[in-house]
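Data block below; observations after.
The values are calculated or read from the model by the stated rules, or taken from the named source; none is laboratory data. Because the structure is predicted, anything quoted here is derived from the model rather than measured. Every residue, glycine among them, receives a Cβ derived from its backbone with ideal geometry; neighbour counts consider all protein chains shown.
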């Protein structure tokens, strides 16, 4: 029974983008356009070059921001403000998901590679505001990104998370490797399952999955 796999969990950690809202909302499409524009204007390169760098830094460093900081000394704060100024008006309230999260026993937190202010905007639009004990952005990990283990350790130390009694819900498979190593229960939330030894469970329906966990 699925519930038994989570009976030890006292802290529930959720990623934000494409995890607490469906990928069909395509918020990251807007963010990627903003990132490319920022890279092009700041580094004085063409949009094609900027788009290549955006993808390359994401693959190499975990986030485009981490690459910009490492290779160009970019200031993270104005970058985070600019790339997260997107429209979220089309996001819909998910009352079922809200009720499932509200019913989870123990501590509930959000941890995203985005910024905390952006995360709070999205949570409010989804009707999930006030359900979490804390919301952490990349700024709370000294701008180190998931999938770096040090990023997780930094945020979890701030929150007092005990990984052996926690579960991580995340859409990006590589971001579950460190939590698995740390002893967390890992759940890949995505339309397509990616078999990997560091992924315990997969679901395309987060609310439905949580309802089974709560049985």
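Observations, loosely collected:
- Some residue of the stretch 16-26 being under 16 Å from the mean Cα position of the chain (by Cα), in a helix (DSSP H, G or I), touching a residue at least 12 places away in the same chain (Cβ under 8 Å) and surrounded by 15 or more Cβ atoms within 10 Å (Cβ to Cβ): yes
- Those residues of the stretch 15-28 which are modelled with pLDDT of 95 or more and out of contact with any helix residue (DSSP H, G or I) (no Cβ under 8 Å at 6 or more places or on another chain), in sequence order: 22, 23, 24, 25, 26
- Of 97, 104, 16, all but one fail to be in the same structural domain as residue 171 (by TED's automatic domain parsing), out of contact with any strand residue (DSSP E or B) (no Cβ under 8 Å at 6 or more places or on another chain) and over 18 Å from residue 142 (Cα atoms); the exception is 97.
- Residue check, residue 131 within 17 Å of residue 16 (Cβ to Cβ), touching a residue at least 24 places away in the same chain (Cβ under 8 Å) and assigned to a helix (DSSP H, G or I): no
- When residues of the stretch 59-76 are limited to those that are touching a residue at least 60 places away in the same chain (Cβ under 8 Å) and farther than 21 Å from residue 171 by Cβ, the one nearest to the chain's Cα centre (by Cα): 76
- Out of 207, 151, 167, one residue alone is buried (at least 17 other Cβ atoms within 10 Å of the Cβ) and in a helix (DSSP H, G or I). It is 151.
- Which listed residue is crowded, with 20+ Cβ neighbours inside 10 Å, more than 27 Å from residue 157 (Cα to Cα) and under 18 Å from the mean Cα position of the chain (by Cα), from 83, 13, 39: 83
- Taken residue by residue, the stretch 61-70 has no member that is over 20 Å from residue 147 (Cα atoms) and surrounded by fewer than 16 Cβ atoms within 10 Å (Cβ to Cβ).
- Matching entry among 208, 160 (being in the same structural domain as residue 12 (by TED's automatic domain parsing), out of contact with any helix residue (DSSP H, G or I) (no Cβ under 9 Å at 6 or more places or on another chain) and closer than 22 Å to residue 105 by Cβ): 160
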